Amino acid sequence: MKILHLDKNHPLLFEQLSQLGFQNDEDYTSSKEEVEAKINNYEGIVIRSRFDIDKTFLDAAKNLKFIARVGAGLESIDVEYAESKNITLIAAPEGNRNAVGEHALGMLLLLFNNLKQADSELKQGLWNREANRGTELDGKTVGIIGYGNMGKAFAKKLRGFEVEVLCYDIKENVGDQNAKQVTLEELQEKTDVLSLHIPWTEATDKMVNASFISKFKKPFWLLNTARGKCVVTTDLVQALKSGKILGAGLDVLEYEKGSFESLFTGNDLPEALQELMKMDNVLLSPHIAGWTVESKEKLAQVIVDKIKQLYGFGDDEKKILPPKEYGVSGLGGFFFKTKDPDHIKAWYKEHLGMNTDQYGWTFWWKDKEGNDCSTQWSPFKEDTNYFAPSEKPYMMNLRVKDLHKLLNQLKEEGVTVVGEVEEFSYGKFGWILDPEGNKLELWEPNDRAFL
């Protein structure tokens, strides 16, 4: 599979995908149109926010299977159109959530303690203690809008403070031990500090406007480490002037370009932005809340892990465990019907190197602890009655740890058991039918290496 990387990221992403067998190409300079001319050659792309992935791009990407964005959101992608083309979308909010949580907390403490103003004044030779008297966070109510990866990370950082944390989210039942989920009305009634952790969507575009701000019962502090276009800057400036908003920590701005690589297009700073820049109770940063040394590596690793999961690469933490300790422990084999079993076994041995015997072919392998494991491949004649009563031309063999216990439990659960247990030198065998009539052979080997 060929993957096109459109933005530079941590080298581990490129290296690990290469180790997994993907072909990785890089193009960090071509225009969107130039990329569209060749994108049909690729099954996957990895991008941050270099340009929008719109319908024109997606129509050109005829073989695209996935889009991996090394970041938290997918707003630069036409999600609905991509999904209509069965393209898997991958983002990595898990990779920079800790960085965002720390950044939001840092901004809040800087604002509460007037550190921006105090630092600036002292460097000018001014020693103004009373003018820079701080405010303590303890006893305050922090309201979080958007309680996903980022909101939860910020709430977790607040656990060391004596604060009440409330959260509001369009999804139900997302509150946890770190934040109580409430209605938007209750949050607006109680909040002293409001922190935004929402994506930019039609519903959140310009959400924080004059009307929204007026519904808060108390003057409050505002933090925005989410998306700049969720806040109307001119309304924010007016609320700061009136004292309705006591101060603001903004990592994102309404005027950012979609790529987040620069502030805006044009020569003149918007008037509202000019006013923000002059306010001592406003702290600004250039969209770097999730932009740490550690998050750069974490974001890349999350993308690799999700691609691995998408294509079935092993992940021990995500393996499905047997439902019963005496239940299925592995795939014993795959049995199927053929007109001439001896001929096909000889063919597979001659052409594919499968070392067949009277039963078929046993494929031996080792797990990560070095234990011997095997899988059996066995062809049967077309007129065999070994698969009966199933009408299917194949039968699966599953290894189990305790055949009798499993069969007794399955009988209690209403599963159809076929025939009686049979014992041979190489183990015990029993048979069941699945809901579609497939016959499954359950095998408890005498040789424990098979388990």
Inter-centroid distance (Cα atoms) of the stretch 167-213 relative to the stretch 40-93, Å: 28 Å
Around Thr356, with a cut-off of 12 angstrom between Cβ atoms, what is the net charge of the other residues, counting Lys and Arg +1 and Asp and Glu -1? -1
To the nearest 500 deg cm²/dmol, what mean residue ellipticity at 222 nm is calculated for the chain from DSSP H runs of n ≥ 4 alone, each contributing -39,500 (n - 2.57), summed and divided by the residues? -8500 deg cm²/dmol
List the lysines whose alpha-carbon lies under 20 Å from that of Lys345, not counting same-chain residues fewer than 8 positions away? Lys337, Lys381
Rounded to the nearest 10 degrees, the helix 403-412 long axis (Cα) sits at an angle to the longest Cα principal axis of the chain of 70 degrees
Degrees separating the helix 293-310 axis from the principal Cα axis of the chain, which is the longest one: 30 degrees
Run down the aspartates and glutamates and flag those whose C-alpha is under 19 Å from the C-alpha of Lys190, throwing out any fewer than 8 positions away in its chain. Glu136, Asp138, Glu162, Glu164, Asp169, Asp176
Treating the angle as unsigned and between 0 and 90°, give the value, to the nearest 10°, between the Cα long axis of helix 93-112 and the longest Cα principal axis of the chain. 20 degrees
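Write down the percent of antiparallel bridges among all DSSP beta bridges whose residues are both part of the stretch 98-288, to the nearest 5. Don't skip to the answer; put the middle values down first.
On the way: 1 of 25 bridges.
Taking every DSSP beta bridge with both residues in the stretch 98-288, the antiparallel ones total about 5 percent.
Past 32 Å, Cα to Cα, is the threshold; run Lys65/Lys171; Lys32/Lys116; Lys55/Lys217 against it and keep the listed order.
On the way: Lys65/Lys171 28 Å; Lys32/Lys116 41 Å; Lys55/Lys217 44 Å.
From the list (Lys65/Lys171; Lys32/Lys116; Lys55/Lys217), the Cα-Cα distance tops 32 Å for Lys32/Lys116; Lys55/Lys217.
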Under 12 Å from the Cβ of Gln181, count the other residues' Cβ atoms, weight Lys and Arg +1, Asp and Glu -1, and hand me the total. -1
Net +/- balance of residues flanking Val35 in space, Cβ distance below 10 Å, scoring K and R +1, D and E -1: -1
Go ahead and run the numbers for FRET between Glu83 and Ile288, Cβ-Cβ distance against an R0 of 22 Å, rounding to 0.05. 0.10
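Order the peptides 117-129, 268-280 from the highest to the lowest mean number of other Cβ atoms within 10 Å of their residues. Before the final figure, lay out each step's value.
Details: 117-129: 11.5, 268-280: 14.0.
Output ranking for 117-129, 268-280: 268-280, 117-129.
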Shape of the stretch 98-288, Cα gyration tensor, a/c cut at 1.5: oblate
Out of (1) 93, 53, 38; (2) 73, 58, 42; (3) 75, 58, 37, which label holds the value of Cα extents along the principal axes in Å that was computed here? (1)
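Checking the a/c ratio against 1.5 first, then a/b against b/c, what shape does the Cα gyration tensor give for the stretch 111-152?
Details: a/c = 6.04, a/b = 2.37, b/c = 2.55.
Taking the square roots of the gyration eigenvalues as a ≥ b ≥ c, the stretch 111-152 is oblate.
Only the coordinates and a few stated rules stand behind these numbers; no lab work does. Treat the numbers as computed from the prediction; the structure is a model and nothing was measured. As a convention, Cβ positions derive from the backbone with ideal geometry for all residues, glycine included, and neighbour counts pool all protein chains shown.
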